[in-house]
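Read the structure below first, then the notes.
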Amino acid sequence: MSEQKLPRMIAIDVDGTLLGAEGKVSPRNRAALQAANEAGINVVIATGRRHSYAMKVLRSLDLHGEQALVSSNGAVTRTVGARLIDRTFLPLETSLWLCKQLDEFRNALVVTFDMVQPDGEDARGALVVEELEDLHGSIGKWMEANSAYIEQAVPIENVLQREGEKGNAPIQMMVCGRIERMRRAEARLLEDPSVFMAEVSSPELRADAKVTLSRTEYPDRDLSLLDILPAGCSKGVALLRLAASMGIEADEMMAIGDNWNDLSMLEIAGWPVLMGNAPQDLKEMARARGWAIGGHHLEDGVADAIDEVLSLQRTEDEYDARALSGSL
């Protein structure tokens, strides 16, 4: 038998990975998640969505309340039942500094607060924007789906100061729009040496680090989402912390994702699987690193990856059974 450890945890991205046609989880992917749970594997959802927005598509699944959900690209970890496990904030001073740095991009800026209630729902003000028109133009469906939680404030610093007086700080900021424009926003922020990209696994975090950037791109839509996270935050870091609390090592983790914001978790996992619908340049990187290229999200690529793990697990169990019986 192979000396590589089989996965005891499977971390799965949502958009472009778990979700298929019409933004829904297919019956086959749903069955694969249930089979992994029944096989004793820890299934963890790891998404760029904030908790309550992720739960809109996860509530229909047979996930038990204590399963973990890593949200906001690693800034928050809660159980599916909304119990808080881990959370990191953007300090008020850093948030105000970011507003100045992003002055050119204010019409594309969204600030996110963790206002999850005991029932897993958000309160109004969980999302704060300055302008609406450009955001409706680039992420119109998301804006409509989240309209109940959006507060408009001009300038946005007013809300930051108000919430800061309550001891409440953001968990992330986001700018979104055309890829070329968001690459300029990214470059602007990276001019400051205290800003880092999340694609580097386990970086040495400098004492003066302010924020971590996480990029998601959809070339076919000319759309990019640039998430601005607390220093050191990423899906990979959040999953390492969660796995350590469960006694699971990184080489016992499978990570399944489709975009640049998944890179940190793919890097740390012993079993990285990049979806077949990933951007071409990311697939080229994955091939160079010897990562598995899985199926398309519209063709149940998640189920394919889980089925392979379960097949290997069954083979190992049969081998162990034969060894115990002395038939080898």
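Computed from the coordinates by the stated procedures, all read-outs in this text should not be read as laboratory data. Everything numeric here is computed off the predicted structure, so don't read it as measured data. Virtual Cβ from ideal backbone geometry, glycine too; neighbours counted across all protein chains shown.
Per-structure values
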| item | result |
| --- | --- |
| Count of Lys pairs (Cα-Cα under 18 Å; at least 8 positions apart or interchain) in the chain | 5 |
| The chain: angle of helix 301-325 to the longest principal axis, Cα-based, in degrees nearest 10 | 30 |
| Share, in percent, of DSSP beta bridges within the chain that are antiparallel, nearest 5 | 55 |
| Ranking of Thr47, Thr88 by count of other Cβ atoms within 10 Å, fewest first | Thr88, Thr47 |
| Helix-only mean residue ellipticity at 222 nm for the chain, each DSSP H run of n ≥ 4 adding -39500 (n - 2.57), per residue, nearest 500 | -11000 deg cm²/dmol |
| Longest to shortest principal axis, alpha-carbon extents of the chain, angstrom | 74, 41, 39 |
| Ascending count of other beta-carbon atoms within 10 Å, so fewest first, for Ser147, Ser224, Ser194 | Ser147, Ser194, Ser224 |
| Tail fraction, Cα-Cα pairs, segment 92-230, threshold 27 Å, whole percent | 19 |
| Degrees, to the nearest 10: 133-145 long Cα axis against longest axis of the chain | 50 |
